[in-house]
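**Student:** After the structure tokens below, expect a handful of questions from me.
Just so it is clear, none of the values below were taken in a lab; they were calculated from the coordinates. As the structure is a computational prediction, the values presented were derived from the model and not from experiment. FYI the Cβ positions are ideal-geometry reconstructions off the backbone, even for glycines, and counts take in every protein chain you see.
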Amino acid sequence: MKASSRRVALVVFGILGAGCGQGCGQGLDVGSDVIWSSRFEGDAGLSEWTKAWPKSWNGVDGGGMGGDPGTGVAAGSVSNKSASSMIAVSAAQGHTGSHEAQLQISMTDQQQINCSLTRTGITLPERAYYSAWYYLPQRYSVGPGGFWLIMKFRRRDGNGTQHELYDLGLKDAGTDMTLHLYNWDKGTNESSLDALNPQVPIGTWFQLEAYYCYAPECNSASDPAFSLWLDGAKILVIPSRTTEVTSWVAWEISNIGLSLTDPNKTPPTTSATVTLFADDAAISLKPVGRTGQLP
Amino acid sequence: MPQPEPLRSLGYGRFLCDVRVVGLVTRFALFATLGASFDAHAEAPGPAPEVRELRAPRQESTAAVPAGASGGEAAPQSMARSSPFIGGTSTCPLPASVWTELGTLVPTERLVAYQATRAASSPMESNPPPAVEIIDLGLKFRVLAGGRAREYRDDAQDCTYRARVAAVFVALAVDPAAVLVEPPPPPVPTPAPASPPPPVVPARLVQVEIGVAVDRSLGTGPQATQLGGGLRVILGRGPVALVVGAAAFLAKDAELNGLRVNQRHDPLDLGLRARWQGSFVEPYVEIGLGLALIYEEALNLDTNASGQTVEPGGFAVIGARLAAQSRVGFFVAGRVEWIPSPVQIRALPTGVVGHAPAFWAGATCGLSVGF
């Protein structure tokens, strides 16, 4: 090969190499089916949520309930606090990134304490997956008549009246906490869990993901109205509903408790401070799963 | 086969290599005919020259055949002595010398038969005149034979030469068919001629190929067939040349694990071409490295985006240029490309949906122009 040809080869390879240096081997991000997400990172804080709702039983709250999108916590807020509850961006139990949400309620005698991050609005799609990661630092005992809810779905009927729809809670099973779902549509606890008394881990992040469809055709096992996964395993399917739903959906990451005690104290006291952490919340057109990635 | 020594002795040896005796004799006959016409007009104006047959004095004939008298030629002296075939008073050439030369051209039995025929045609003559008469005219000499007469000029008065010329004339006059003609040598088996080397046409320094192309992705990536165009530049004159190629294609929709994408793949090649120049077809192969610009755009996500990057890989080409000797020709080629590490295609929330194709195969055809 002549010197001129070698020079041409060097030039061409130089150009190729320069082009390769700009992006050789990098993956191509071609879009997203994630409609909305909140990772509690950076400056976003809690502003990605429609509401951050510390509300005590005595009605001192940090924001209304059932309002329109945009009300509630101002953008950039990192905490909302009342006398008995608090929501804050924390760095105590990082899941992905360095921050997560800390939802904390301080139990008092026979008082229901609510603390929720709510995402609502009329723009949510007919069919979507609602995913969040949870971390329970310890086990709590649920006393007689009490409850501990960590995820809620609310609906509105055709008149615009708001109703509760699905409450996903935890029960004390002695040494573990198990999931249960109260179906307001039927007025009963769901007993059709595919896995009886699915346990959630203590001290380890776990993922809960729900599929919610408000389309009229979502009324069969093959096209259900509601499904639930724990750490990627489907544990519940609700094929249909009897009550009216609309496109209005409120999805909450909650820490709502009544009669919760700390089993580590002797004797157990109702003045326990109940804390859970949540991270990487998302609403997506496709399942997020344990390996899903968020923007 | 021995060389025709008699004719060589006539002084035409230098022609024998490439001129047959027949051709030589024919040339002589033509020369003789023209000469006769000229002589006849020059020496016998008026009516056409009379063809005379002169009688050779028998005693001279006998006396005119001394051994070695005409250069020591091995003449059939007994026949010359016993035959009144050549007569005349010429001393240069001597009739015997002409007879000797004639014996190398015409078989003796032919001459005898000819003489017998003449004798039979003149039964009244007990001694038929000689069939040939040679007359020495000083700077010229005349030959009479078969009813024809010729005069030849020979200023040098070379008697041997005159004898040869006269013998040829006589041979053609009395029995042209019997002239000793050496049969053509049998065809010498010559080795099969090697196929002529192909005409060496200097390869052009720069060769540009432009054409239409089709490309198909293979493997586990998004499957699509795309159409486009390609350009290749071949640099070098030798059998191995540097090749730089590029192609651009129209984006085409494809699917990857439920994700619909609009995909485009534009390769850029740098390699070597080995070619074999033929008279009409110039086959070639190429191998080299390249970079491919890969473009992917999602079509069915809530938020569609696009991205492109460059993938390094290798390629191989096999093709042929038609009308190889022409400056402008056609080419057709097939190309395969291997991307060892195809780029990942990611979409949220799934993450890695898959990867771009690792293999591509295509074809190109078009015009090839040399400069």
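**Student:** Show me the ranking of peptides B:332-344, A:130-142 by mean Cβ neighbours inside 10 Å, starting with the highest.
**Tutor:** A:130-142, B:332-344
**Student:** On to the next question. Which whole number gives the average count of other chain Cβ atoms within 10 Å of the Cβ atoms across peptide B:225-238?
**Tutor:** Shielding by partners across B:225-238 averages 1.
**Student:** Right, next: If eta is 0.890 mPa s and T is 25 °C, what Stokes-Einstein diffusion coefficient results for the range B:221-278, Kirkwood Rh from Cα pairs, in µm²/s?
**Tutor:** For these conditions, the coefficient is 182 µm²/s.
**Student:** What ³J(HN,Hα) values, in whole Hz, does the Karplus curve 6.51 cos²θ - 1.76 cosθ + 1.60 give for the range A:279-295 when θ = phi - 60°, with x put for Gly and Pro?
**Tutor:** Karplus-based 3J(HN,Hα) across the range A:279-295 equals 7, 6, 7, 7, 10, 9, 6, 10, x, 8, x, 6, 9, x, 10, 10, x Hz.
**Student:** Also, I was wondering about something else. Once you have the alpha carbon radius of gyration of the range A:140-295, what is it after dividing by 2.2 N^0.38 Å, with N set to its residue count?
**Tutor:** Ratio of Rg to 2.2 N^0.38 Å for the range A:140-295: 1.09.
**Student:** If you don't mind, another one. Could you list, bin by bin from short to long, the percent of Cα-Cα pairs of the range A:186-270 in 5 Å steps?
**Tutor:** Going out from 0 Å in 5 Å bins, the range A:186-270 shows 3, 11, 16, 20, 19, 13, 9, 5, 3, 1, 0 percent.
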